[in-house]
Amino acid sequence: MGTTTRREFLSATSLSTMGVVIAATGMNALSTETAAASPSKKFHSAPAQAELEDFVFDMANSKAGWLGAGGSAREATVEEFPVSQSIAGVIMRLNPGGFRELHWHSIAGEWAFILEGKVRTTVITPGGTTSTDEFEVGDIWFFPKGYGHSLQCVGNEPCAFVLGFDNGHFSEFGTFSITDWVSHTPPDLIARNSGLPLSVLASLPKKELYIGKGKIAAEQSPSNLNPAIPASFSSHKFRLETDGIKQEFKGGYIKVVSSKEFPIQNTLTSLRMNIEPGAIRELHWHPNADEWQYVISGQGRVTIFGSHGRVKTMDYGKGMVSFIKQGYGHYIENTGKETLKLVVLFNSPVYQELTLNDWLNANPAQLVADHFGLTLDQAKSVSKHQTGIF
Ligand code: MN
Ligand code: MN
């Protein structure tokens, strides 16, 4: 070795050996690497909390609620339904004469879908314009965060609607109600602010009213309701059931109303879907949004795919909600004898979906065949997305 030290010799040997290995493997480096050391078993392994959470909740029977002479409310927030981080829901009923008092929501925009009866709303915008609108079954509203609003049952029949809020942490019972504020402000200050004599203020509510009982709201529209504005072009109202554009499928239909059709609905997209008995809504996912579903009627079964071999199936029916996280694969089966009717929210104003069938059809048929051990003809015969619900 002459003047070369043992250490230098080892280094030189190691380097030359490595060089030989790299040169020898060349095109086949991965298989050599596999032979040298097996890849870690932790590759792509699921996080410690591998179980998929429950994603169905019986909102109609929620223990979180409110009941009074004017009506009732039952809610599903992250308290009751932890998976639903981005959307909270409420089922509200107002009796004839019932009203949800003037209020606003500091951290969430409010959406609603009318289930029964007639509702009149009045909303004020930060620009100071006001709008009074009337809603019937199948209509939706949207009030952006912070806009002051009130709701009234119209006529002699009760009304019911499902509310959706674009924040799961929001609670309908922690909102900013006008009687709550006024009843916690010194009466002399309220007298100054309102111009009412102090003597009148003794009879004001001592705490938040929430849902009040008043005179039955007349069927005849008040003077500030503008009959010249077509319903679906009024700022806060869209007739989802009537004016939503229908995509018909063999086993049902879908109507999507995003911010494109209903510009003020700037944090959500609405969807109405019917799935006929025995039909399925095909395997698909939504790249840009969580999906929150409310069951109007019927019986169904939802299965989600959460990667790492994790799948979970849950049944639902009338009055229940389901929540599917952004990007999770899913499909819905109608398991009952009647039409499964759903109203759905996505927490994005832009609607996106990808279906398994579209995806398979977009790839070379031979590649698809090689994935599943199919013949080329079998791979080419995979259903097209046009089937949708079948
Ligand atoms: Mn509200
Ligand atoms: Mn979906």
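The values are calculated or read from the model by the stated rules, or taken from the named source; none is laboratory data. Because the structure is predicted, anything quoted here is derived from the model rather than measured. Reconstructed Cβ throughout: ideal geometry from the backbone, glycine too, with neighbour counts over all protein chains shown. All accessible areas refer to the heavy atoms of the entire protein, side chains included, with ligands and DNA or RNA removed. Shrake-Rupley method; radii C 1.70, N 1.55, O 1.52, S 1.80 Å.
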Quick check on Leu102: is it within 16 Å of ligand 1 (Cβ to nearest atom), in a strand (DSSP E or B) and either open to solvent by 10 Å² or more (accessible area, probe 1.4 Å) or more than 23 Å from Val343 (Cα to Cα) (or both)? yes
Reported set for the range 73-99 where residues are assigned to a strand (DSSP E or B) and either surrounded by fewer than 24 Cβ atoms within 10 Å (Cβ to Cβ) or within 11 Å of ligand 1 (Cβ to nearest atom) (or both) is Ala73, Arg74, Val90, Ile91, Met92, Arg93, Phe99
Looking at (1) closer than 20 Å to Gly388 by Cβ; (2) part of a loop (DSSP other than H, G, I, E, B); (3) of a type in the set (A, V, I, L, M), find the lone condition where Leu345 falls short. (2)
Can you name every residue in the range 93-136 that is among the β-branched types (Val, Ile, Thr), at pLDDT 95 or above and in contact with a Gly (Cβ under 8 Å, 6 or more places away or on another chain)? Ile114
Quick check on Gly148: is it in contact with a Lys or Arg (Cβ under 7 Å, 6 or more places away or on another chain), within 10 Å of ligand 1 (Cβ to nearest atom) and in contact (Cβ under 8 Å) with a residue 40 or more places away in the chain? no
Determine which single condition Gly128 fails, assuming it passes every other condition in (1) surrounded by fewer than 16 Cβ atoms within 10 Å (Cβ to Cβ); (2) over 24 Å from Lys260 (Cα atoms); (3) within 13 Å of ligand 1 (Cβ to nearest atom). (3)
Hits in the range 295-311 - residues which are of a type outside the set (A, V, I, L, M, F, W, C) and away from ligand 2 (no atom under 12 Å from the Cβ): Ser297, Gly298, Gln299, Gly300, Arg301, Gly306, Ser307, His308, Gly309, Arg310
Scan the range 252-268 and tell me whether some residue there is surrounded by 21 or more Cβ atoms within 10 Å (Cβ to Cβ), under 20 Å from the mean Cα position of the chain (by Cα), in a strand (DSSP E or B) and among the polar types (S, T, N, Q). no
Examine the range 323-336 for a residue that is away from ligand 2 (no atom under 13 Å from the Cβ), assigned by TED's automatic domain parsing to the domain that holds Thr267 and open to solvent by 80 Å² or more (accessible area, probe 1.4 Å), and state whether such a residue exists. no
Met314 is checked against (1) within 14 Å of ligand 2 (Cβ to nearest atom); (2) touching a residue at least 40 places away in the same chain (Cβ under 8 Å); (3) surrounded by fewer than 17 Cβ atoms within 10 Å (Cβ to Cβ); (4) assigned to a strand (DSSP E or B) and fails just one. What number does that condition carry? (1)
Could you figure out which of (1) within 28 Å of Glu79 (Cα to Cα); (2) in contact with a Pro (Cβ under 6 Å, 6 or more places away or on another chain); (3) away from ligand 1 (no atom under 16 Å from the Cβ) isn't true of Glu116? (2)
Qualifying positions in the range 54-67 - surrounded by 13 or more Cβ atoms within 10 Å (Cβ to Cβ) and modelled with pLDDT under 95: Ala64, Gly65, Trp66
Kindly indicate whether Pro227 is at pLDDT 95 or above, open to solvent by 10 Å² or more (accessible area, probe 1.4 Å) and more than 18 Å from the chain's Cα centre (by Cα). no
Filter pass, Ser131 being assigned to a helix (DSSP H, G or I) and among the small types (Gly, Ala, Ser): no
